[in-house]
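What follows is a single structure, written as C-alpha cells, with notes after it.
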C-alpha cells in the first residue's frame, strides 16, 4: 500500500471511531437488555422506529438534535480555545430564563421584533454565564471545569426560585396544585414551524404524494435551521477569521501565543463567552420553539434534557468540528427520541439511555488515544513522502500530533 | 432570626449536624486528594458515590448486615475505580470529559439497578449513633463531637492517616513524585501507571463509602441522584484544601456547616428564600476557589496523561 493510501485509510478510521464507539455501547446495552429480560432486537427496532420511522419521528429527532448542535458548536469553540466548558446546563437555563422574561414583558410586540430580541437576549445571558467562568479562569486562576459545574447548580436554583416567585403564572398562584411555571408566552414569540415549507419543497420535487405523511403537522421549527446556519458560521469563524485563528492558537499553545503577542487571557474569556452564548441560545430556542413557557416542574433536567452535557458528546463525536457536530447531534437526538420508544416498548427504565450515552462518552474519549497515535504515525508518513503531501499540510499534521 | 440562631441549643445542633454532614465530603475529597496528588483528576466522583450509595443500601437491605453494606460498597468502588483508571491512565482520555461520562454512568446505572430491584421506597436500619462513653456526656462538646455514627468517626480518623501516608511514607513520596514530575519518577524506576491505578482505585473506593455514608448511615434510604452534586463539591474541596488532607478537612467542615445552617434556615422559612439558601454552598465553592487559587501548589502533572519520552 502506498503511504498516501495509508494516510487516507487512517483518516477514514478516525472518522469511524465514534461510530464504532456507539456500536460497542449499543452492544453492551443489548447485554443489559438481556439481563433485564427484554428482547434486544425488538428494543433496537423500537429505537430505530422511534427515531426515524415516520416523518413525525424524524421531526422529533431533529428537534432534539437542535439544542445539542447549538451547545456542541459552542463546545467546539471553547475546546479549540483550550477551555473545558461543562456549564452548558446552566448556560441553557439562564438563556431560557432571559428569553422567557423578555417575551412575558413584551406581550404586544410583533413577531419580527420579539423573536430576534428574545434570541439575542438568550445568547447574551448564556454568554454572561459562561463569561463569568472565563473571567474566573483568566484573571483568578479558577479551574473552569469546577466553576462551570458550580454555576450549573446556581442557575438551577435561580430558575426554581424564579418559577416559584417572580415569574410564576398568576393563575398558578391561586391554583391548588401551584405548578412552578410561567404563563404561556405570547403567541408571536413562537418560532415559525417549517413543516409547511418542507411540504411545498417536497411537492415541488414531486415527492409529496397525497397519501404520504406530511411534514406540516410535525412540530419542526425554524430553530433547527438557525442552529445549522450557526454551525456553518462558527466553522467560518474558527478557520477563516483572525479572531478564530487566535482562539485556536491559544488553545494549542498558550505560551507561544503569548510570545506572538496574543492576549491569551482575553481569548480565554472570549472562548467561554461564545461557548456560553450558544448554550444560552439553545435554551432560548427550547423555550420559543418547543415549550412556549418555562417550568421548574420535573427539575432543571426536564427543561435542558441534559443537552448541556450531551452537546459536549456531540461535539466530541464531530471531532470538535462544527460541521461534524451536525450529523453527530442528529445521531444523539435519534438516540434520545428512539430511547423513549425503546423504553415504552420493552418496559425498561429510562435510566438505561443515560447509561448508554455515558458509555458512548467514555468510549469516544478513550478512543482518542488511537486517533492521536495514528496522527503521530501520519507525521512520520508525511515526512517520509514530501511529494505526496505539500509542506503546508505536513506542518498541520505535525500540529495535530501534539 | 439572629437571636433564634444565637440560642445555644440551635448552635449546638448546627455544629453537630455540620460534623455529620461533612462525612460524605470527607471520604470523597480525601480519596480524590490521592488521585489528584498523583496527577489524575477524577471528575466522576459523583457517579461513583451514587454506585456506592446504591450497592451499600442494596446489601444492607438484603442481608441486614452493615458490614456487608460497607464491603459491597467498597467492591462497587473498586470496580468503578478500575474502570476509571483504565480510561484515564491506560487510555489517556481527556479527564474533564471522561469524568462526565463516569458521572452519567453512575447516575444512570444506580437508578436503573434501583428501579429493577425495588418496587417502592424502602428504608434500612443504618449505622446507629454511638454515644462515646464518658466523652459524650461532656456538656456542649459531647453533643457536638461524640454522638455520631461509626462512619463519621472513621472519616475524621482518615484525615491524619492520609496526611501520614502522603507525607511520611515511601508510597506517599511516590504518589507525589508521579503527580509532580512523572518523567523523573519514571526514570527513577517508579511505575507511573501502577501508582496512578492505585490512587484512582483507592479514591473510588472512598467515594463509594462516601455514597454509602448517605444511604446507610445519614439518610438510610436510596433515591435517584441522592448525592445531588456533593461529589462535584468534593472535587472542588480538594482544590480548596490545596491538595492537603487537613486543608480538605477544613473545607469540608466549612461547607457542611454552611449546609447545616442552610437547612436550618429552610426549616424556619424566614427571610431568605429556600432556593437562595440552597445556592449558598455552590457560590461559596466558587469564592473558595478564587481564594484558594492564589496559592500555586497544584500538582504539576494534574490532568496530564503520562507519555514516556516526551
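The values are calculated or read from the model by the stated rules, or taken from the named source; none is laboratory data. Treat the numbers as computed from the prediction; the structure is a model and nothing was measured. Here the Cβ positions follow ideal geometry from the backbone for every residue, glycine too, while neighbour counts run over all protein chains shown.
Restricting to the stretch B:94-117, name every residue that is farther than 18 Å from residue A:32 by Cβ and more than 7 Å from chain A (Cβ to nearest Cβ). Listed by number, the residues that qualify are B:95, B:99, B:103.
Of all the residues in the stretch A:294-325, those that are buried (at least 21 other Cβ atoms within 10 Å of the Cβ) and in a helix (DSSP H, G or I) number 17. Filtering the stretch A:349-358 to residues that are in contact (Cβ under 8 Å) with a residue 12 or more places away in the chain and more than 7 Å from every other protein chain (Cβ to nearest Cβ) leaves A:353, A:356. Taking the stretch B:29-145 and the helices (runs of 4 or more DSSP H) fully enclosed by it, the elements with 3 or more residues that are touching a residue at least 24 places away in the same chain (Cβ under 8 Å) and over 30 Å from residue A:307 (Cβ atoms) are at B:45-63, B:66-85, B:141-145. Among residues that are within 14 Å of chain B (Cβ to nearest Cβ), at pLDDT 85 or above and either under 17 Å from the mean Cα position of the chain (by Cα) or part of a helix (DSSP H, G or I) (or both), residue A:366 is not included. Whether a residue is away from every other protein chain (no Cβ under 14 Å), exposed (fewer than 14 other Cβ atoms within 10 Å of the Cβ), modelled with pLDDT under 95 and in contact with a helix residue (DSSP H, G or I) (Cβ under 6 Å, 6 or more places away or on another chain) was assessed, and residue A:187 does not pass this test.
Could you check, for the stretch A:263-277, whether at least one of its residues is under 26 Å from residue A:367 (Cβ atoms) and modelled with pLDDT of 95 or more? The answer is yes; a qualifying residue exists.
For residue A:206, the requirement of being away from every other protein chain (no Cβ under 14 Å), out of contact with any helix residue (DSSP H, G or I) (no Cβ under 9 Å at 6 or more places or on another chain), without any contact (Cβ under 8 Å) to a residue 40 or more places away in the chain and on the phi > 0 side of the Ramachandran plot is met. Residue check: is residue B:91 within 14 Å of chain A (Cβ to nearest Cβ) and over 22 Å from residue A:149 (Cβ atoms)? Criteria met by residue B:91.
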